[in-house]
Amino acid sequence: MIKIITVYGGMLLAAMGRTLLLALLGLFFACIIGMIFGIMGVAKNRVCNVISQIFVDVIRGVPMIVLAFFVYFGVPYLFNTIIGGFSINLTALQAGTICLALNCGAYMAEIIRAGIQSVDKGQMEAARSLGLTYGMAMRKVVLPQAIRTMIPTFINQFIITLKDTSILSVIGFPELVNTAKNVQANTFMSFQTWTIVGIMYLIVITILSRSAKVLERRLSVGR
Amino acid sequence: MAGTLALSLAACGGSSSAPAADSNADAAAEETQAEEAPAESAEAADETAGASGKVWKIVTDTAFKPFEYTDDNGDFVGIDMDILAAVAEDQGFTYELQILGWDASIAACQAGQADGMIAGASITEERKASGWIFSDGYYDANQSMAVEASSDITGFDGLSGKSVAVKTGTMSAAYAESLMEQYGFTITYFEDSPTMYQAVVGGQVAACFDDTPIMASNIKDTGIAMKIVEGTGNDPAAYGFAIFNADNQELVDMFNAGLANIKASGKYDEIIAKYLGE
């Protein structure tokens, strides 16, 4: 155990850093994707609703490991070889970010759609009857109430996404699990390696969920 | 924690792969009996198996062609599989095969979830020092570098600033690691050979390092757009059957004795010729 920490500790910490970088990049784009498709899901336009629903269904219906292989190997192959004439070459970080953003984005879209729909219809009707436009009523009245109910589910989704980065070890991105496999292969100390890796995830995720609790409490003031 | 992990892996590997492995072993056994094995040796085998009564749990890698792989008929075959079946036949022990992958195979043996592994494992001093116990070598192989078929890389010099693929924890990974500083390339770690080759062909990496016979066999059989770069091979090392628990020494002894017998009988050459065509 000591040997793993002293010899490979720095390597594992750097890998944790790359895990966090990947998770943050993924989450950032997932928020954008989630917002776009979430709003499209509640829009009054039927076409928007359908597009949003199809996106969510497709992404939710495909395991992330399949998505990872598809984005990293499949998409460049499609453009470079099958169609030809293009030269697309994604790094593992880019492909990983796309996978996380799409995967987490689909769940975020559902969370946002459900959050908005959970706000009583009367709120929107009242705001509109006071002369607010649809957009203003959404921004000033509905969304502030919806976001409060979304926060806990968002945090949950963030944690799931952080853990999902481990799936991207299969495309060779040197995140924590990929690196730990190396440490295990070099030392043959599987118990020690995976214990330390487990604890590292646990610490980061505990910090994340504790600070989320604080944030949640602050935001619910005045309810 | 590791125990549970290995257990669950072993459990999934077992449930999905055991029937294929069994049918393969049976087929090999039938073949041998029909062709050359006299009836008494088969009987003797049954008796010995009955006497010790132990079914050895042997684990292997998922795809390490031509040593272990799933053929077009969906059967799990390869040099390792045939040697194992032939040795077991010769020595009269019974075994149950689990296809776990390289890392998980090692973990399963260490955790005591499996008794031995045969997965084209090179016999090295480092591994012996880390607790591996090897049989006699059953095949000599070295490691080389391969690049995409149209690549203009002709040696390690062409790798500067590029990324190369290796398989976690293998001899070829160690070989690439020993060269990375001198030639200034970075290493990407993959779980199995097919994924690694895919990355070479797809241009995600500039080159890969793997065992020479494995790459040669893959290039020959699948026509994958990859070529082995001349003069990049290291000194060959032997592949051995491995155990991690000295209590299973009996298994290694049986393997060594069986290997000597199948080499003497010509069965070994037959197996090698079947897969490598020489």
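Values quoted throughout were computed directly from the atomic coordinates according to the rules given, and no laboratory measurement underlies them. Keep in mind it's a predicted model, so treat the numbers as computed, not measured. No Cβ is skipped: glycine too gets one built from the backbone with ideal geometry, and neighbour counts run over all protein chains shown.
When +1 charges are put on Lys and Arg Cβ atoms and -1 charges on Asp and Glu Cβ atoms, the dipole computed for region A:1-129 relative to its Cα centre reaches about 60 debye. The B:ALA225 and A:LEU130 beta-carbon pair, evaluated with R₀ = 60 Å, returns a calculated FRET efficiency of approximately 0.35.
For the set B:LYS128/B:LYS167; B:LYS167/B:LYS263; B:LYS54/B:LYS167; B:LYS57/B:LYS167, the pairs lying more than 26 angstrom apart at their alpha carbons are B:LYS167/B:LYS263; B:LYS54/B:LYS167. Given a cut-off of under 8 Å on Cα pairs at least six residues apart, what relative contact order in percent is computed for region B:162-252? The normalised contact order for region B:162-252 reaches 28 percent.
Here the protein assembly as shown was treated as a single set of alpha-carbon atoms; its pair distances binned every 10 Å from 0 give 4, 16, 24, 22, 16, 10, 6, 2, 1, 0 percent. Under 16 Å Cα-Cα from A:LYS121, which lysines qualify once same-chain neighbours fewer than 8 residues away are excluded? In chain and number order, the partners are A:LYS44, A:LYS140. An ellipsoid equivalent to region A:118-163, defined through the eigenvalues of its Cα gyration tensor, has semi-axes of 29, 9, 6 Å when rounded to whole angstrom and sorted largest first. Of the residues B:MET117, A:LEU24, A:PHE37, the one whose Cα sits farthest toward the positive end of the charge dipole of the protein assembly as shown, with +1 on the Cβ of Lys and Arg and -1 on the Cβ of Asp and Glu, is A:PHE37. Positive end of the dipole of the protein assembly as shown (Cβ unit charges, origin at the Cα centre): among B:VAL252, B:MET215, A:MET11, the Cα lying farthest that way belongs to A:MET11. Computed from the Cβ-Cβ distance with R0 of 35 Å, the FRET efficiency linking B:LYS54 to A:THR195 stands at 0.65.
The Cα atoms of region A:2-217 define a convex hull whose projected area, averaged across directions, is 15.2 nm².
Projecting the Cα atoms of A:ILE207, B:ILE83, A:LEU143 onto the dipole axis of the protein assembly as shown, where Lys and Arg carry +1 and Asp and Glu carry -1 at the beta carbon, places A:LEU143 farthest toward the positive end. Net charge dipole, region A:2-217: roughly 440 debye, given to the nearest 20, about the Cα centre with Cβ charges of +1 for Lys and Arg and -1 for Asp and Glu.
Only the Cβ atoms of Lys and Arg (+1) and of Asp and Glu (-1) were treated as charged; on that basis the dipole of the protein assembly as shown about its Cα centre amounts to roughly 5060 debye. The largest-to-smallest principal axis extents of the Cα set in region B:143-228 are 34, 28, 19 Å. Grouping the Cα pair distances of region A:2-83 into 10 Å bins from zero gives a pair-distance distribution of 15, 26, 30, 19, 8, 3, 0 percent in increasing distance order. Of the residues B:SER122, A:SER190, the one with the fewest other Cβ atoms within 10 Å heads the list, and the complete ranking is B:SER122, A:SER190.
Helices of chain A meeting both criteria, an alpha-carbon length of 18 angstrom or more along the long axis and an average Kyte-Doolittle score not below 1.6, with helices taken as full DSSP H segments, are A:2-42.
With a 10 Å Cβ neighbour count serving as the proxy for reagent exposure, in which order, fewest first, do B:TRP102, B:TRP56 appear?
Details: B:TRP102 26, B:TRP56 21.
In order of increasing Cβ crowding within 10 Å: B:TRP56, B:TRP102.
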